[in-house]
Amino acid sequence: NGYYYSTWDKCIYSSRDFSDMVYVLNYNFNKDVDIQFNSTVGYWVGYTEHGVYNAELWNNDTIDLQQWRAQVET
């Protein structure tokens, strides 16, 4: 009876020293990834037309983008 919207974020690591840790944040719409931030890539990637539009806007906000890149440290 509507739309399915969800988000998830996680830190992925494979060693105990956490030097290779990756922070991933997904915004999903109707169970498909709409837009994703990956700390290894360092910027937002859009997978739908709406996601690409938002990724361009969010990647141009350098202060906010710096905060997302630092999120892996927390």
Legend entry - Listed residues 58, 30, 45: farthest to the positive end of the dipole of the chain (Cβ charges): 30
Legend entry - Relative contact order, percent, the stretch 5-66 [alpha-carbon distance under 8 Å, six or more residues apart]: 21
Inset, instruction - Return the distance in nm (one decimal) between the two label points of a simple spin-label model at residue 10 and residue 40, each offset 7 Å from Cα along Cα→Cβ. - result: 1.4
Inset, instruction - Give the accessible surface of the chain per residue, rounded to a whole number of Å², with probe radius 1.4 Å and ligands, DNA and RNA excluded. - result: 75
Legend entry - CD proxy at 222 nm, helix term only [per DSSP H run n ≥ 4: -39500 (n - 2.57); per residue of the chain; nearest 500]: -8500 deg cm²/dmol
Inset, instruction - With a 1.4 Å probe and every protein chain kept in, tell me what percent of the accessible surface of the chain is carbon plus sulfur. - result: 50
Inset, instruction - Any chance you could run the full-extension gain for residue 56 through residue 69? It's 0.36 nm times the residue separation minus the Cα-Cα distance, nm to one decimal. - result: 3.1 nm
Legend entry - Estimated dipole of the chain in Debye, rounded to 20 [Cβ of Lys and Arg +1, of Asp and Glu -1, Cα centre]: 220
Legend entry - Kirkwood hydrodynamic radius (C-alpha pairs) into Stokes-Einstein, the chain, 4 °C and 1.567 mPa s, D in µm²/s: 99
Legend entry - Between the stretch 1-44 and the stretch 49-64, the alpha-carbon center distance in angstrom: 15
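The values are calculated or read from the model by the stated rules, or taken from the named source; none is laboratory data. All of these numbers come straight from a predicted model, not from anything done at the bench. Positions of Cβ are backbone-derived with ideal geometry, glycine not excepted, and every protein chain shown enters the neighbour counts. The protein model used for the area step is the full one, side chains on, heavy atoms only, and it has no ligands, DNA or RNA in it. Shrake-Rupley method; radii C 1.70, N 1.55, O 1.52, S 1.80 Å.
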